[in-house]
1. Could you list, in sequence order, all residues of region 95-112 that are outside any helix (DSSP H, G or I) and in contact with a Leu (Cβ under 7 Å, 6 or more places away or on another chain)?
2. Taking Tyr41, is it assigned to a helix (DSSP H, G or I), over 16 Å from Asp101 (Cβ atoms) and of a type in the set (Phe, Trp, Tyr)?
3. Kindly indicate the residue of region 44-56 that is part of a loop (DSSP other than H, G, I, E, B) and in contact with a strand residue (DSSP E or B) (Cβ under 7 Å, 6 or more places away or on another chain) and also nearest to Ala68 (Cα to Cα) among those meeting that condition.
4. Where residues in region 1-27 are under 16 Å from the mean Cα position of the chain (by Cα) and either of a type in the set (A, V, I, L, M, F, W, C) or surrounded by 16 or more Cβ atoms within 10 Å (Cβ to Cβ) (or both), which of them is nearest to Thr110 (Cα to Cα)?
5. Can you find a residue in region 48-55 that is loosely packed, with under 15 Cβ neighbours inside 10 Å, small (Gly, Ala, Ser) and farther than 16 Å from Leu29 by Cβ?
6. Which residue is surrounded by the most Cβ atoms within 10 Å (Cβ to Cβ), if the candidates are limited to region 79-115 and must be under 17 Å from Ser47 (Cβ atoms) and aromatic (Phe, Trp, Tyr)?
7. Looking at region 65-78 only, could you name the residues that are closer than 16 Å to Leu42 by Cα and of a type outside the set (Ser, Thr, Tyr)?
Amino acid sequence: MNRFGIHKSIGVSISAIYRTASMYATKELEEHKIKSNQVPYLMLISSLNNPSQEELAKKLMVDKATVARTIHHLIDCGLVSKERSETDKRVYHLSLTEKGDTLRPFFITTMTHWFDKILIDLTEDEKASLSTMLTKITNRINDIRGDNEKI
């Protein structure tokens, strides 16, 4: 296979993984009025210590307007709260509400179940290699964007 063929194959595979994971998660999460693209926000808010919207934008590689829209929806759903920074009044810090924190295990189980289903044919070593390769690619993307923030 030539270079273009390899690149096309990788692109098609990544696209298929993203689309099918998104459809699966959206179906599983619909009772909570959450879409699959919102789960990473909730997981990052949970794992970071009261992140700002700007921090989320950097980590998720999306623009600030996208973060603002998503956070607004998550606040409306009662999953996230935001408080103005005491040191910089232009900044808001985000945290999960009690409801958001209660649903966190459900989000983790939903996504773990999905990945268990699609990775079932891989050995543990292959899963580790895949994770390492994807991390390298993501770090390269950050370098190209000038972010220099490693995951």
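The values are calculated or read from the model by the stated rules, or taken from the named source; none is laboratory data. Computed from a predicted structure; not experimentally measured. Glycine gets a Cβ as well: all are built from the backbone with ideal geometry, and neighbour counts include every protein chain shown.
1. Within region 95-112, Leu96, Thr97 meet the criteria.
2. no
3. Pro51
4. If we take residues in region 1-27 being under 16 Å from the mean Cα position of the chain (by Cα) and either of a type in the set (A, V, I, L, M, F, W, C) or surrounded by 16 or more Cβ atoms within 10 Å (Cβ to Cβ) (or both), then Ala25 is nearest to Thr110 (Cα to Cα).
5. no
6. The residue in question is Phe107.
7. If the condition is that a residue be closer than 16 Å to Leu42 by Cα and of a type outside the set (Ser, Thr, Tyr), then Val67, Ala68, Arg69, Ile71, His72, His73, Leu74, Ile75, Asp76, Cys77, Gly78 are the ones that fit.
Table: residues versus (1) touching a Cys at 6+ places or on another chain (Cβ under 8 Å); (2) modelled with pLDDT of 95 or more.
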residue	(1), (2)
Ser9	no, no
Arg19	no, no
Ser22	no, no
Ile34	yes, no
Leu48	no, no
Arg69	no, yes
Ile75	no, yes
Leu96	no, yes
Asp101	no, no
